[in-house]
Each structure stands twice: as structure tokens, then as C-alpha cells.
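Peer 1: Here it is, the structure, as C-alpha cells.
The values are calculated or read from the model by the stated rules, or taken from the named source; none is laboratory data. Everything quoted here is computed from the prediction, not taken from an experiment. Please note: Cβ atoms are built from the backbone with ideal geometry, for glycine as well, and neighbour counts cover all protein chains shown.
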Amino acid sequence: MPYPVTVTVDPALTNRNRLTTAFRIVLAIPHMLLVGSVGLGVSSGAGRGGRLSLGGETGLLGAVAVLLAVISWFTIVFGGDHIIGIRQFTAFYMRWRVRGLAYLMLLRDEYPPFGDAPYPASLDIVDPPRSRDRLTVALRLFLAIPHFIALVVLGFVWWITSFVAWLLILLTGQYPAALYDYGVGVLRWLLRVEAYFLLMVDEYPPFSLV
């Protein structure tokens, strides 16, 4: 059975826009502020050592989605109900996020729309059965840990491959197919795990880039 979260990116390997590629991180800042980025970061808190965080830079809308997921945890575990308005907001955030990330990750050159609008990178989430798996919802944070660890490794490798791809695009105007497929795979894996973590689906995400 296919996983109920589908990420689709129309390939863009040749004739890439070198100018927008050169300044991609700067151009993507408005979207990163709203729907976040992907990567590794080290932060430190008062009285604490540094901590490593993965690509969990989810932006302002993502922070709201996480807070709503906490509310949903209670409504699903104790009432078996995922409030429709929360699902709609989270799906909206994730659709916007996949477009912003596809642009940031050099997978597309078209500037992403603010909000919902057609774009050559898209996400589709199949609604879960009305009867939710309360046990896996209750343990969701712990069940997702193996994927968090995997994404740390994948994200680190992605930063290296994306820097190589960035240089190659500037020099040749082309994104090597193997590196491109890896970037799409990381995006796909990340969004599946986020959908699982935000309680949008109950099926455990596959350990796969496909």
C-alpha cells in the first residue's frame, strides 16, 4: 500500500536559473520565516549546553501547527477525534512548506506562492480512518525517534550534496540527476515524518527516499 502522504516534484535538471540559484537562501527568507527551512542547527540555552536540532526550523506557521498537534494529541487520545479545523490548517501549512522547501532546496526555480496556489511541487495527504489509532498517537513522539535520528544523518549529507549541486548549477546550469533525486528523497522523507509527528496520519513512515 502506498503511504498516505505523497510528495511530488516535477523534475528540473537543465536550463536552471543561475542568478536566482546564486541568491537562493536570501530569496527564500520570507518563506523560511513562515514555513521554515531544512537542515541542522546548534543552539544553546541559558545554563545548558548546546543541542543539535534537525531541520525542525518550521517557521511561524509551523510553530502554530506544533501547538495544534499538542491539542490534537489530547482530543485523539481521549476522544478519538481530530478536529477538522486543525487538520485543515496543518494540511495548509504542509502544502505551503513543501513548496517553500522545494525552492530553498534548489529543486525548482519558480518563486513559490504565499499560501495555496499551483506550483510544480505539491503534497497530498489522505485522510485517515475515522477510528484513529490512539495507542500510536499516545506514543507518537517516542515512535518517531528513529526517524529523527535518520533525518539528522540524511540532512547532513543533503547539505553537502546541495552545496555541490549549487556550484554545478552556477557553472553549468544543470542539476545532476543523482543529486537531484537524493534531494527530492530527503524532502519526501522529511514531510512524511512531519505528517506523522503532527498526527495527520497513523501509518508508520517508511525508511525510504522513494
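Peer 1: Please verify whether GLY100 is over 18 Å from the mean Cα position of the chain (by Cα) and either exposed (fewer than 15 other Cβ atoms within 10 Å of the Cβ) or over 23 Å from GLU203 (Cβ atoms) (or both), treating the condition exactly as stated.
Peer 2: Values: over 18 Å from the mean Cα position of the chain (by Cα): no; either exposed (fewer than 15 other Cβ atoms within 10 Å of the Cβ) or over 23 Å from GLU203 (Cβ atoms) (or both): yes.
Judged against the criteria, GLY100 is not a match.
Peer 1: What do you reckon, is ARG130 among the charged types (D, E, K, R) and surrounded by fewer than 16 Cβ atoms within 10 Å (Cβ to Cβ)? First the steps, then the outcome.
Peer 2: Numbers: among the charged types (D, E, K, R): yes; surrounded by fewer than 16 Cβ atoms within 10 Å (Cβ to Cβ): yes.
The answer is yes for ARG130.
Peer 1: Right, something else. Quick one: in region 102-127, which of the residues that are of a type in the set (Gly, Ala, Ser) and part of a loop (DSSP other than H, G, I, E, B) is modelled with the highest pLDDT? Working first, answer last.
Peer 2: Quick first cut of region 102-127, residues of a type in the set (Gly, Ala, Ser) only: 102, 115, 117, 121-122.
Okay, now just the ones that are also part of a loop (DSSP other than H, G, I, E, B), so 115, 117.
Details: GLY115: 92, ALA117: 95.
For region 102-127, the residue satisfying everything is ALA117.
Peer 1: Sticking with this structure for a sec: Taking the criterion of being within 13 Å of the chain's Cα centre (by Cα) and of a type in the set (Val, Ile, Thr), would at least one residue in region 131-145 satisfy it? Walk me through it before giving the result.
Peer 2: Step one: of region 131-145, the residues within 13 Å of the chain's Cα centre (by Cα) are none.
No, every residue in region 131-145 fails to be within 13 Å of the chain's Cα centre (by Cα) and of a type in the set (Val, Ile, Thr).
Peer 1: Still on this model: Quick one: which residue in ARG130, ARG99 is in a helix (DSSP H, G or I) and not hydrophobic (A, V, I, L, M, F, W, C)?
Peer 2: Values: ARG130 fails: in a helix (DSSP H, G or I).
It is ARG99.
Condition check ((1) surrounded by 14 or more Cβ atoms within 10 Å (Cβ to Cβ); (2) farther than 29 Å from ARG108 by Cβ; (3) at pLDDT 95 or above; (4) among the small types (Gly, Ala, Ser)) across all residues:
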position	(1), (2), (3), (4)
PRO2	no, no, no, no
VAL5	yes, no, yes, no
ASP10	no, no, yes, no
THR20	yes, no, yes, no
PHE23	no, no, yes, no
LEU40	yes, no, no, no
GLY47	no, yes, no, yes
GLY56	yes, no, no, yes
ILE76	yes, yes, yes, no
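Peer 1: Which ones in region 161-178 are over 18 Å from the mean Cα position of the chain (by Cα) and assigned to a helix (DSSP H, G or I)?
Peer 2: PHE163, VAL164, ALA165, TRP166, LEU167, LEU168, ILE169, LEU170, LEU171, THR172, ALA177, ALA178
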